[in-house]
Amino acid sequence: MQKLLAGLLNRNSIKFLVFGGIASVKYGAPRATFEQDLKCLIQAAISCKPVEFVNTTTIDIFGVKQTNTSFFEIKGSEVDKCSFYLRTEKIDLTFPASVPQEVVDRQKEIYKKLEGREGTCKFKTNDLTEMLTRWEKGNFSSGNVSCKLTLSGDVCKTEGGDFGVAECQGTYFEQPLL
């Protein structure tokens, strides 16, 4: 049992284990830490309670398996808004054998640039809760992306979507130059 638990902790880069849902970690404040259960994140969002959440999901898009590992954190209330932090930890792609290696390499290069992107948004508490509830049901919305060619390159912005009701900043919300 001990070896199994140690292997699980190492494979998932878990720095601590929480029994009962509360741990004193970063910033010296009690925080709940959950894995693989978006319901806990939604529950914390209702009152904007600080929580950290690591989520790994795999989707199949036309035979390409994409595994995303993301880190989410509700940091708490700031001036009547709930501060929500997110970071793309890792993206793994698995292609069917029929896909040419040059296509595989190019796609992996593009997705590698998305790893480490992070951002912070300030939501009204009910807007954050509603977004996370939609995510739990598998409903995501990227909104409308519009780009304008300038002398310094393309300038892109996102309007609407999951983050359209929040004040967001950070590399997570920048459109990558491919």
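The values are calculated or read from the model by the stated rules, or taken from the named source; none is laboratory data. Just so it is clear, the structure is predicted and the values come from calculations on it, not from any experiment. Glycine gets a Cβ as well: all are built from the backbone with ideal geometry, and neighbour counts include every protein chain shown.
In table form, for the structure just shown:
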{"read-out": "Pairs where the first residue, in the range 100-114, is under 15 Å from residue 88 (Cβ atoms) and the second is at pLDDT below 90 and not acidic (Asp, Glu), C-beta under 7 Å, 6+ apart", "value": "110/178; 113/176; 114/176"}
{"read-out": "Residue tally, condition more than 30 Å from residue 43 (Cβ to Cβ) and in a strand (DSSP E or B), over the range 79-104", "value": "2"}
{"read-out": "The range 89-120, residues that are within 19 Å of residue 69 (Cα to Cα) and not charged (D, E, K, R)", "value": "91, 93, 94, 95, 107, 110, 111, 114, 116, 119, 120"}
{"read-out": "Residue in the range 53-69 that is at pLDDT 90 or above, assigned to a strand (DSSP E or B), within 25 Å of residue 115 (Cβ to Cβ) and among the acidic types (Asp, Glu) present", "value": "no"}
{"read-out": "Verdict on residue 90 being among the basic types (Lys, Arg), touching a Lys or Arg at 6+ places or on another chain (Cβ under 6 Å) and within 23 Å of residue 52 (Cβ to Cβ)", "value": "no"}
{"read-out": "Residue check, residue 61 of a type outside the set (S, T, N, Q) and in contact with a helix residue (DSSP H, G or I) (Cβ under 6 Å, 6 or more places away or on another chain)", "value": "no"}
{"read-out": "Unique residue being farther than 16 Å from residue 173 by Cβ and in contact with an Asp or Glu (Cβ under 9 Å, 6 or more places away or on another chain) when the list is 101, 66", "value": "66"}
{"read-out": "Only one of 82, 121 that is hydrophobic (A, V, I, L, M, F, W, C), in contact (Cβ under 8 Å) with a residue 40 or more places away in the chain, closer than 21 Å to residue 165 by Cα and touching a Ser or Thr at 6+ places or on another chain (Cβ under 7 Å)", "value": "82"}
{"read-out": "Among residues of the range 58-81, those that are within 30 Å of residue 97 (Cβ to Cβ), of a type outside the set (Asp, Glu) and exposed (fewer than 13 other Cβ atoms within 10 Å of the Cβ), counted", "value": "5"}
{"read-out": "Failed item, numbered, when residue 107 is tested on (1) loosely packed, with under 12 Cβ neighbours inside 10 Å; (2) part of a helix (DSSP H, G or I)", "value": "(1)"}
{"read-out": "Criterion (farther than 17 Å from residue 73 by Cβ, of a type in the set (A, V, I, L, M) and at pLDDT 90 or above) met by exactly one of 155, 104, 145", "value": "104"}
